[in-house]
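Quick note: the coordinates plus some simple rules give every number you see, no bench work behind them. None of these values were measured; they are calculated from a predicted model. Here the Cβ positions follow ideal geometry from the backbone for every residue, glycine too, while neighbour counts run over all protein chains shown.
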Amino acid sequence: MWNFRLLICLSILFILVSTERVKRQGGGGGGGGGGGGGFGGSSESSSGSGSLSAGATAGIIVGSIAGVCLFMICCFCISSCILGPKSLFKGKPLRSNSSYIRRGTSMQNGMSNAVFRSGTYATYYHQYNLEHGPYDVKLGFYPQADYRVHGGGVDDIGAYVVTGVYSPNTLRMGLEKHYQLGTGNPSENLGHKVTIQVEWDAYNQQFIGKYYLRTSKHRDQNTFILKLKSIKSFHSHTIESYV
């Protein structure tokens, strides 16, 4: 903690030193002008005063910017120390969904059709130290549309629409769960989005990973599970029909 206090002291000292330096520059210019004699001395005084005035302005600007930057760095370091580095990034995935699905281990074993099956899935998630679920969600997988996912469902928060992408090579999915405002629990449903990143667990025959949530009231990330319940074709359905 001592290093953060040192940064604060240094930033304050930098601002004070810059301010005092500007004051000394302005006072010296005035004295030089007064010492000059006659018309020539007056002209030199005016020129010197103008030059120092420009330098003083530049000093104020540079000193202020540097001071503000140091202060912001100190605030960030203190926040990291008090809240912990993880809390600052909580609720935000390390990678985008498209990047996430590409970075997994390539399976290359033709499992894609057996794993990504359109149908009804049971969802489970962990929040507020409680297990939530199962809640049904209908998902349709479209390899002909650049491996897109569309679907929707209802849980204890409200009704939502799902969009996303998946990879037949890594057996990963990246989903966006968009809650429909005015449905379900009014205190929890803010019409917000939840990012979900899961990968295939062959042993348990399910998708498992994490959800990431960031709203004006709450930040969270925790376990999320998708498990197929029944198979059905959704190719003729619209997104609205999933909800």
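Before moving on, here are some points about what is shown:
- Alpha carbon centroid spacing (whole Å) that separates region 150-205 from region 206-222: 10
- Each Lys or Arg adds one and each Asp or Glu subtracts one; over the other residues with Cβ under 15 Å from the Cβ of residue 95, this totals +3.
- With each label modelled as a point 7 angstrom along the Cα→C-beta vector, the residue 124-residue 146 pair spans 3.5 nm.
- Where a label projected 7 Å from the Cα of residue 222 along Cα→Cβ would reach, residues of region 105-128 with amide N under 13 Å: 124-128
- Estimated FRET transfer efficiency when R0 is 45 angstrom, pair residue 135-residue 73 (beta carbons, to 0.05): 0.55
- Distance (nanometres) between label positions extended 7 Å along Cα→Cβ at residue 203 and residue 107: 1.6
- Qualifying chymotrypsin sites (Phe, Trp or Tyr not before Pro) in region 189-218, where qualification requires a DSSP coil assignment and no more than 14 other C-beta atoms within 10 Å, comprise 203.
- In Hz, Karplus ³J(HN,Hα) per residue of region 209-223 (6.51, -1.76, 1.60; θ = phi - 60°; x = Gly, Pro): x, 9, 9, 10, 10, 9, 10, 5, 9, 7, 10, 7, 7, 6, 5
- Net lengthening on full extension, residue 229/residue 98 (0.36 nm per residue, minus Cα-Cα): 44.5 nm
- Against the rule of thumb 2.2 N^0.38 Å, how large the Cα Rg of region 97-242 comes out: 1.00
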